[in-house]
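The values are calculated or read from the model by the stated rules, or taken from the named source; none is laboratory data. Small disclaimer: the values here were computed from a predicted structure and weren't measured. Note that each Cβ is placed from the backbone with ideal geometry, even for glycine, and that neighbours are counted across all protein chains shown. Keep in mind that these areas ignore ligands, DNA and RNA; they rest on the heavy atoms of the full protein, side chains included. Shrake-Rupley method; radii C 1.70, N 1.55, O 1.52, S 1.80 Å.
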Amino acid sequence: LNDPTQRPDVVHLHTAADWSWWRKRRFALLAHAAGCKIVVHIHSGKFDQWLARKSKKFKQSVKSGFRDLDVKVVVLSEDWVKLLKADLGDLTAISNPLNPKYSTILRKNTEKHLLLLGRNDPVKGHRFAVEIALQLKRKFPDLVMTMTGVEESEFDWILARGWVTESEKMRLLSTASVLLLPSKYEGQPMVAIESLASGLPVVADSRLHSLPKEVSFAGPDLESWCRVVTDALEHPQSIKFDSSEYDLETVRSNWKNLYASLIDS
């Protein structure tokens with residue numbers, strides 16, 4: 001930053017909530033002092049929850065901090081714009097890109113196969129997914145479930161796959177019956193978008209944001225989840241999903257235009 005021959009025109013910072021922002025704020029202060037334009041890209045799934053627990057004065061300090069540093073704040077969807085605009089000011093929504101290899105061409109659905117794709121983290125809801133599967137096993141004896149992230153299962157019909165390759169992930173998305181997304185929070189769960197692009201129905205927690213309209217919502221109670229997933233298993237539907245919003249070229253163009261507007265201003 002101190003060397004004019006190496007100083008960037010734009011500094012792009014990714015941040016979650018809470019301490020992640022306070023750490024990234026240090027970089028923003030340095031970049032601003034050096035005369036750089038700044039993009040703060042909020043990818044947190046609970047930035048709204050974090051601010052909701054704070055005082056009005058605290059929220060105002062965050063908002064004024066963005067303004068004083070002349071920061072361009074980017075969020076992952078128009079849903080997040082609506083949720084955060086009052087607290088943060090003007091926001092720009094740019095979605096994450098979808099890899100074009102996810103397609104319904106590979107679709108080979110197997111009956112009564114639940115799928116959960118996520119890292120081994122309590123926020124992803126693996127335990128709750130097992131509870132759902134145990135309840136549904138009574139109604140559907142042939143039910144199986146595959147989970148990534150975790151490597152151990154006490155049931156032989158619940159497959160714990162740990163970390164899977166991209167090709168294996170594509171195979172699972174192309175052959176499962178329903179994707180479960182019982183996460184406590186998500187910024188923009190690409191696994192849901194990849195699933196829909198693969199023709200796989202998705203059932204998600206009703207408290208999540210930034211999900212396409214084709215997603216079915218349940219929860220947060222077990223009874224609600226079992227009811228919605230049962231309906232998805234008993235009445236499988238063909239997914240018609242318009243993924244143009246997540247097209248790689250569209251997203252790339254959005255970022256190019258944003259960077260250009262900052263450099264030209």
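Structure data summary
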read-out	value
Checking HIS41 against (1) open to solvent by less than 70 Å² (accessible area, probe 1.4 Å); (2) outside any loop (DSSP other than H, G, I, E, B); (3) in contact with a helix residue (DSSP H, G or I) (Cβ under 9 Å, 6 or more places away or on another chain), the condition it does not meet	(3)
Selection from region 44-70 of residues that are among the polar types (S, T, N, Q), in contact (Cβ under 8 Å) with a residue 24 or more places away in the chain and open to solvent by 60 Å² or more (accessible area, probe 1.4 Å)	GLN49
Filter result for the condition that a residue is surrounded by fewer than 16 Cβ atoms within 10 Å (Cβ to Cβ), assigned to a helix (DSSP H, G or I) and out of contact with any strand residue (DSSP E or B) (no Cβ under 8 Å at 6 or more places or on another chain), over LEU1, LEU29	LEU29
Filter result for LEU173 (of a type in the set (A, V, I, L, M) and not in a strand (DSSP E or B))	yes
When residues of region 152-170 are limited to those that are in a loop (DSSP other than H, G, I, E, B) and of a type in the set (S, T, N, Q), the one surrounded by the fewest Cβ atoms within 10 Å (Cβ to Cβ)	THR165
Hits in region 90-121 (condition: free of Cβ contacts under 8 Å to residues at least 40 places away in the same chain, loosely packed, with under 14 Cβ neighbours inside 10 Å and not basic (Lys, Arg))	ASP90, ILE105, ASP121
All positions within region 226-265 that are in contact (Cβ under 8 Å) with a residue 60 or more places away in the chain and either of a type in the set (D, E, K, R) or under 26 Å from PHE140 (Cα atoms) (or both)	CYS226, VAL229, THR230, LEU233, PRO236, ILE239, GLU245, ASP247, ARG252
Pick from region 77-108, criterion of a type in the set (Lys, Arg) and not in a loop (DSSP other than H, G, I, E, B), ranking: farthest from LEU200 (Cα to Cα)	LYS85
Tally, over region 64-76, of residues that are assigned to a helix (DSSP H, G or I) and under 24 Å from the mean Cα position of the chain (by Cα)	1
Residue under evaluation ASP142, criteria (1) modelled with pLDDT under 95; (2) more than 24 Å from the chain's Cα centre (by Cα); (3) open to solvent by 80 Å² or more (accessible area, probe 1.4 Å), criterion not met	(1)
Residue satisfying condition, being open to solvent by less than 20 Å² (accessible area, probe 1.4 Å), within 17 Å of the chain's Cα centre (by Cα) and without any contact (Cβ under 8 Å) to a residue 24 or more places away in the chain, within set ALA192, ALA197	ALA192
Criterion (under 22 Å from the mean Cα position of the chain (by Cα) and either more than 15 Å from VAL215 (Cα to Cα) or of a type outside the set (Ser, Thr, Tyr) (or both)) met by exactly one of GLU154, GLU168	GLU168
Total residues in region 78-89, condition in contact with a Leu (Cβ under 9 Å, 6 or more places away or on another chain) and either touching a residue at least 12 places away in the same chain (Cβ under 8 Å) or buried (at least 19 other Cβ atoms within 10 Å of the Cβ) (or both)	6
